[in-house]
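Chemist: Here it is, the structure in full.
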Amino acid sequence: MTYTLIANWKMNGDLTFFHDYFRAFEGFSFPENAQMIVAPQAPLLSAYKPNRAIKLAAQNMSEHSSGAYTGEINASLLKSLEINYVILGHSERRQYFHESNALIQEKAIQAIKHGIKPIICIGESFKAYEAEETFKVLEKQLYEALPKSATSDEFLIAYEPLWAIGTGKTPTLDEIASTHAFIAEKTKSHGAVSILYGGSVKASNANEIMAQTHVHGVLVGGASLKPDEFKAIIKAV
Ligand code: PGA
C-alpha cells in the first residue's frame, strides 16, 4: 500500500520559503511506499514541476468550469499545470468561507471530471465528539459531499477532527482506528478508498497513527512547514 503524506501549508510560505523547502528535499530518500504532496498557496503551484517524488495539490478550487468568477481558480488551469490533487472542504473553508457539503460535492465532481483527485475533508466538532455523535456527523458529510458515482481511485478522504486541528490534541489510537474503519465501511461501495488522518500530526505520533488499520496517510498542517519535521513524518511510514 502507498501512504500519502500531504503538507498543507495553508496561508503560509512565500517564494523564498518555497524554494528553500524543496531544496531541503533534494537527495532525500523517500520510502518506496510513500507519496509526498505539497499544498502551497495557489500562485506557487506553477513554481515547481511535480515529479515522481513530490506532487503538488491546490488548497481549493472552483465548482465552475470557467467564466466570470473573479478570484477563483478552475480545474482546467490546475490540470494544465500538472496539478493532479486538490484539497476540498477543509474545515477552515467550511468554517470561514461557509462551504457546504453540497458545494464540496460539486467541486469534487468538477475536479474528477478534469482528472484531478480531490482530497475530501470531513471531521466532527468537539461538541459532536463530546456528544458521541462523531459517526453521525461523518456519515452525513460522506453522504452529502462525496460524488456518488466516483470510484476509489478517483478521490481520497481526509478525516480531520476539528478539535484536533492546530491544537496539539489528537483522538486516541483506538478512536482513530474505529473512525477510519467506520469511514471504510461507509465508503466501500466506491471501492477501497484511501483515508488519511489529519489534526496535530507530528514526527512523534505519525508512526503510531499510520500503523492503524485503514489509515493510509496523513494530512499535516503546522508540522509540515518544517522540512526536517516533515521528513521525519515521511520516514514514519
Ligand atoms: P495541523 O493541521 O496539522 O496543524 O493540526 C492539519 C490540517 O488542518 O490539515
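The values are calculated or read from the model by the stated rules, or taken from the named source; none is laboratory data. What you see is a predicted model; the values in this text were computed from it and never measured. Here the Cβ is made from the backbone with ideal geometry for all residues, glycine too, and neighbour counts use every protein chain on show. Please note that ligands, DNA and RNA were not included when accessible areas were found on the heavy atoms of the full protein model with its side chains. Shrake-Rupley method; radii C 1.70, N 1.55, O 1.52, S 1.80 Å.
Condition check ((1) open to solvent by less than 60 Å² (accessible area, probe 1.4 Å); (2) more than 24 Å from Tyr85 (Cβ to Cβ); (3) among the hydrophobic types (A, V, I, L, M, F, W, C)) across all residues:
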{"position": "Lys117", "(1), (2), (3)": "no, no, no"}
{"position": "Ile120", "(1), (2), (3)": "yes, no, yes"}
{"position": "Thr134", "(1), (2), (3)": "yes, yes, no"}
{"position": "Val137", "(1), (2), (3)": "yes, yes, yes"}
{"position": "Ser149", "(1), (2), (3)": "no, no, no"}
{"position": "Glu154", "(1), (2), (3)": "no, no, no"}
{"position": "Glu160", "(1), (2), (3)": "yes, no, no"}
{"position": "Ile176", "(1), (2), (3)": "yes, no, yes"}
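Chemist: Can you name every residue in segment 195-237 that is hydroxyl-bearing (Ser, Thr, Tyr) and open to solvent by less than 10 Å² (accessible area, probe 1.4 Å)?
Modeler: Tyr197, Ser224
Chemist: Continuing with this model, one more query. Keeping to segment 168-186, report how many residues are in contact with a Phe, Trp or Tyr (Cβ under 9 Å, 6 or more places away or on another chain) and farther than 18 Å from Glu133 by Cα.
Modeler: 1
Chemist: Between Ala42, Ala68, Ala7, which is on the phi < 0 side of the Ramachandran plot, open to solvent by less than 20 Å² (accessible area, probe 1.4 Å) and not β-branched (Val, Ile, Thr)?
Modeler: From the options Ala42, Ala68, Ala7, the qualifying one is Ala7.
Chemist: Check segment 8-23 and report whether any residue there is within 16 Å of the ligand (Cβ to nearest atom), of a type in the set (A, V, I, L, M, F, W, C) and either in contact (Cβ under 8 Å) with a residue 12 or more places away in the chain or not in a helix (DSSP H, G or I) (or both).
Modeler: Yes, segment 8-23 contains at least one residue that is within 16 Å of the ligand (Cβ to nearest atom), of a type in the set (A, V, I, L, M, F, W, C) and either in contact (Cβ under 8 Å) with a residue 12 or more places away in the chain or not in a helix (DSSP H, G or I) (or both).
Chemist: Can you find, within segment 86-100, the residue that is surrounded by the most Cβ atoms within 10 Å (Cβ to Cβ) among those that are part of a strand (DSSP E or B) and without any contact (Cβ under 8 Å) to a residue 60 or more places away in the chain?
Modeler: Taking the candidates together, the pick is Leu88.
Chemist: Which of the residues belonging to segment 71-85 are outside any loop (DSSP other than H, G, I, E, B) and either at positive phi or not small (Gly, Ala, Ser) (or both)?
Modeler: Once the filter is applied, which keeps residues that are outside any loop (DSSP other than H, G, I, E, B) and either at positive phi or not small (Gly, Ala, Ser) (or both), segment 71-85 yields Leu77, Leu78, Lys79, Tyr85.
Chemist: Given Glu208, Glu160, which one is of a type in the set (Asp, Glu) and over 15 Å from the mean Cα position of the chain (by Cα)?
Modeler: That would be Glu208, the only listed residue that is of a type in the set (Asp, Glu) and over 15 Å from the mean Cα position of the chain (by Cα).
Chemist: Which residue pairs have Cβ atoms closer than 9 Å, lie 6 or more positions apart in sequence or on different chains, and pair a first residue in segment 142-171 that is in contact (Cβ under 8 Å) with a residue 24 or more places away in the chain with a second residue that is aromatic (Phe, Trp, Tyr) and assigned to a loop (DSSP other than H, G, I, E, B)?
Modeler: Leu146/Phe155; Pro147/Phe155
Chemist: Is one or more of the residues making up segment 74-86 modelled with pLDDT of 95 or more, within 16 Å of the ligand (Cβ to nearest atom) and closer than 22 Å to Ile165 by Cα?
Modeler: Yes, that holds for at least one residue.
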